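Contents: one structure, followed by commentary.
The values are calculated or read from the model by the stated rules, or taken from the named source; none is laboratory data. These numbers come from a predicted model, not from an experiment. Every residue, glycine among them, receives a Cβ derived from its backbone with ideal geometry; neighbour counts consider all protein chains shown. Heavy atoms of the whole protein, side chains included, go into the accessibility calculation; ligands, DNA and RNA do not. Shrake-Rupley method; radii C 1.70, N 1.55, O 1.52, S 1.80 Å.
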Amino acid sequence: MPSFYTFKFFNLGYLKFINDYINIKSYEKELENIITKNIPDIIYIHEFKALLVLSSIYKKNKILFKNIKFIYDAHEIECFRNPPKVFIIKLFIEFIEIKFLKQVKAKVISVSHGICNYYSNKLKNNKNIFLIKNLPSKIRFYKDNYDITTEKNVKEVFFQDTPRDPPNSKLGIYSGILTLNRGIEEAIQLINNFPNIYLALVGSFNSKKFEARFDKLNYDRSRIKIIEHVENDLLINFIKTADFSIVPTLPITLSYYHSSPNKLHESKAANLPIFAQILPEHLIELKVNSSHPIGAVSDFFNHINLKNDFEIFLNHLNEYKHNYKFEKISYFNSPDQVKIYQKILR
Amino acid sequence: MSKDKKILVITSRSFYNDYRVLKSIYNLMNFSKRISIAQLLKSNEIIQKNNTIFDINIYSIKPKNKASINIQKFFEKKVDKFKRNEKFFKIFK
């Protein structure tokens, strides 16, 4: 566990959990009916809440699940999610989750090497653990049609009202949900120190509380702008014209420490030099310790070093961009991902 | 895997807005067309019309137990009140 992992006693994690747990009972009956009616060969579970309902049904009616195979997609390490939970609740979640996964011999899918290692250690079985990264999509999942030729890119949108001054200044992007503990405040503070750098925050707020807090932040509104959420299949082309990407995810929980966020893979698909928080998965993805890195890492908690590291990063942008020649970029439905699914469903 | 295996996807997120869920369904579609989804909605969540490219069975399950909804509302109120209590948070800053 990282030394900077923080534990807060006064948090709302336990209240939310009790609330969720009470709710479980009311889903049980209907879900049981659906399973009885459908008799599936495979049940694919997304996240812990669904697993909790299933484990409760399983306890009462094991015969129902006799010939069913289970696949569990753990988006994160549930007991170490943000906000941090109290010790007892962490233990409870871990107990239920691991017990059920062992009972039904479920195959587990996760998003990063760190999270896969966590589950293989807990389940004492690494044959049933699979890595499916949060790779970007080129596919439109929605039926509504739109004219793709009218779509703009981040540079056009950002500089439509503000002239770029000086012309050789750099434009960085942050893409994803705008929320607490994702290092957005730290990124803004950093950009404030560099008058030649612009930053586009591409995404929408997930809570009004953070929006209000964000409004109070001290930053130059002409250099740091929020651009509304762009659809997933258009995002890569939209951000391609930026000069670099910033991925400041703070490791405030173990789950964040091992995270491999969408924005990292989207930035890679757009061939952008990446400046990221120093985390195990970021080191792997950016190939920081190789001869062809595509970005740099720093500690967003250490403001003095951060400034120096960012300055060095800016001086090597061309080199990072050039190193993308050695990268193989894949999308979520690439042949290697389909192969992994083939193994999982075998 | 034979094409006719039945798969039930259970998610606690509204699958219309969660790309990881949508991507997993797309990947599963390579192997089976008989996919159903059961989504566990929150008590205040609205059942949306399926505007995705997936032509599949969707079961939307809302919490039915009135007592549970009341308890949930109670907790939501408490959490809201707790969040708004700035004096309390100042002590721990």
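Counting only residues that are of a type outside the set (Lys, Arg) and open to solvent by 40 Å² or more (accessible area, probe 1.4 Å), which one in region A:317-330 is farthest from residue A:272 (Cα to Cα)? My answer is A:326.
Scanning region A:204-211 turns up no residue that is loosely packed, with under 15 Cβ neighbours inside 10 Å and either closer than 19 Å to residue A:313 by Cβ or at pLDDT 95 or above (or both).
Checking each residue in region A:266-284 for being closer than 20 Å to residue A:116 by Cα and open to solvent by 10 Å² or more (accessible area, probe 1.4 Å) picks out A:278, A:280, A:283, A:284. Of the residues making up region A:331-346, those that are open to solvent by 20 Å² or more (accessible area, probe 1.4 Å) and outside any helix (DSSP H, G or I) number 3. Residue A:335 passes every criterion in (1) within 18 Å of the chain's Cα centre (by Cα); (2) within 14 Å of chain B (Cβ to nearest Cβ) apart from (1). With the condition kept exactly as written, say whether any residue in region A:33-45 is modelled with pLDDT under 95, touching a strand residue (DSSP E or B) at 6+ places or on another chain (Cβ under 7 Å) and open to solvent by 10 Å² or more (accessible area, probe 1.4 Å). Checked against the condition, which is being modelled with pLDDT under 95, touching a strand residue (DSSP E or B) at 6+ places or on another chain (Cβ under 7 Å) and open to solvent by 10 Å² or more (accessible area, probe 1.4 Å), region A:33-45 yields at least one hit. Taken over region B:4-35, residues that are within 14 Å of residue A:46 (Cα to Cα), open to solvent by 10 Å² or more (accessible area, probe 1.4 Å), at the interface with chain A (Cβ under 7 Å from one of its Cβ atoms) and not in a helix (DSSP H, G or I) amount to 2. When A:299, A:336 are checked against the criterion of being charged (D, E, K, R) and more than 30 Å from residue B:27 (Cβ to Cβ), A:299 stands alone in meeting it. Filtering region A:241-255 to residues that are over 13 Å from the mean Cα position of the chain (by Cα) and within 18 Å of residue A:170 (Cα to Cα) leaves A:241, A:242, A:243, A:244, A:245, A:246.
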